[in-house]
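Values in this text are rule-based calculations from the coordinates and carry no lab data. No experiment lies behind these values; they were computed from the predicted model shown. Ideal geometry is used to build each Cβ from the backbone, glycine not excepted, and the neighbour counts take in all protein chains shown.
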């Protein structure tokens with residue numbers, strides 16, 4: 001009961017709605033908007049991310065004020081177009097800033113902001129039918145042990161990345177808001193960490209989680225993945241925040257050099273000898289010298305040549321040591337992914353057939369091969385999807 005899968009395209013996934021874990025303005029302002037739409041990491045102009053967050057912020061406030069709590073309702077507003085969103089944002093005080101960002105719906109600025117906004121929120125379209133009662137806050141405060149699997153798949157990694165990052169942000173902020181407790185045990189295992197979006201709370205989580213009874217484990221194939229998402233300075237802070245490190249075989253040269261430099265250098269005494277010869281016996285000589293030199297404690301090439309499951313271990317308050325990690329094979333008990341039936345392409349045909357029959361029965365249109373012809377000019381029972389008249 002406490003072991004839960006969260007993967008919106010998997011039929012075994014728990015169902016969740018954004019507003020399930022939204023109880024204060026700061027949840028919208030800080031957690032949701034920054035968790036869903038990541039920062040630039042120093043790689044591009046932050047204006048676009050900030051502007052997209054302002055529009056998203058206004059939409060969330062509008063939905064909450066109008067009791068539109070479902071994923072479907074939020075997505076309906078997000079996908080309604082810039083012109084309609086401008087009208088929506090103008091109806092609430094929290095929407096005025098976002099409104100100014102996209103006031104001219106035909107401008108390149110508006111198009112860029114809307115493109116970024118929809119890029120990071122498109123997952124809500126796939127979650128439109130997946131509303132549920134799960135709350136990550138309630139789950140974290142439940143004293144019973146359990147595991148939450150935030151599962152991604154190679155075919156869906158870019159689509160699911162924003163929502164998985166958001167769930168982790170929510171979990172991070174909730175843990176950081178807990179009172180100090182060294183007896184509490186909460187583990188974060190973030191494998192392929194560089195494949196997530198920028199987590200604004202990760203550095204604080206690494207530095208403060210210990211006092212909350214939490215432990216953070218980060219896995220990555222190469223250091224460049226983290227630098228690409230967070231920038232060079234934040235990457236260094238993240239690595240420094242990990243007091244213990246296990247460095248196994250590294251194929252990528254830059255990553256091997258990075259950890260070689262991180263481990264540091266050692267001082268060694270090197271002996272050398274030289275021989276001199278001359279025409280006289282008294283000119284012959286043999287000289288021995290000893291010199292102190294510094295060199296890397298572990299050369300980059302050593303990391304690249306490690307056999308599988310062998311590497312260097314550094315535990316907090318202990319020196320580096322060479323280790324061999326035993327491999328444990330576990331039987332596969334469940335499929336990695338059981339895709340939702342409505343995610344299959346064949347389900348689209350069934351939906352279109354049902355939609356056609358519903359609309360034709362209502363007397364709205366006749367569906368042809370190439371076009372839809374109005375059957376009647378009389379008012380019909382068609383539902384108006386407008387949010388603002």
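A few notes on this one:
- Cα-based helix-to-principal-axis angle, 157-176 vs the chain, degrees rounded to 10: 80
- By the count of neighbouring beta-carbon atoms within 10 Å, fewest first, 186, 218 end up ordered 186, 218.
- Using a Förster distance of 22 Å, the FRET efficiency for residue 155-residue 3 (Cβ separation, nearest 0.05): 0.35
- When the helices of the chain are scored as -39500 (n - 2.57) per DSSP H run of n ≥ 4 and the total is divided over every residue, the value at 222 nm lands at -11000 deg cm²/dmol.
- Against the chain, whose longest principal axis comes from its Cα atoms, helix 47-65 is set at around 40 degrees.
- Taking the fewest neighbouring Cβ atoms within 10 Å as the starting point, the ordered list for 168, 286 is 286, 168.
- Inter-centroid distance (Cα atoms) of segment 36-109 relative to segment 179-221, Å: 30
- Difference of contour (0.36 nm per residue) and Cα-Cα distance, residue 24 to residue 246: 76.0 nm
- As a rough guide to protection, the peptides 170-183, 70-83 ranked by mean Cβ packing within 10 Å, highest first, stand as 70-83, 170-183.
- Residues 242, 22 arranged by fewest to most Cβ contacts within 10 Å: 242, 22
- Crossing angle, helix 346-361 versus the chain [Cα axis fit, 0-90 degrees, rounded to tens]: 20
- Isotropically averaged projected area of the chain, using the convex hull of Cα atoms (one quarter of hull area), nm²: 31.5
- Top of 241, 264, 219 by mean-square fluctuation, Gaussian network on the chain, Cα under 10 Å: 264
- Each of residue 350 and residue 334 was given a label point 7 Å from its Cα along the Cα-to-Cβ line. The distance between the two points is 2.3 nm.
- Of the two radii for segment 164-260, the radius of gyration is 0.98 times the Kirkwood radius, both from the alpha carbons; that is the Rg over Rh value.
- The label point for residue 96 and the one for residue 269, both projected 7 Å from the Cα toward the Cβ, are 7.7 nm apart.
- Mean sequence separation of contacting Cα pairs (under 8 Å, at least six apart), scaled by the length of the chain, corresponds to a relative contact order of 15 percent.
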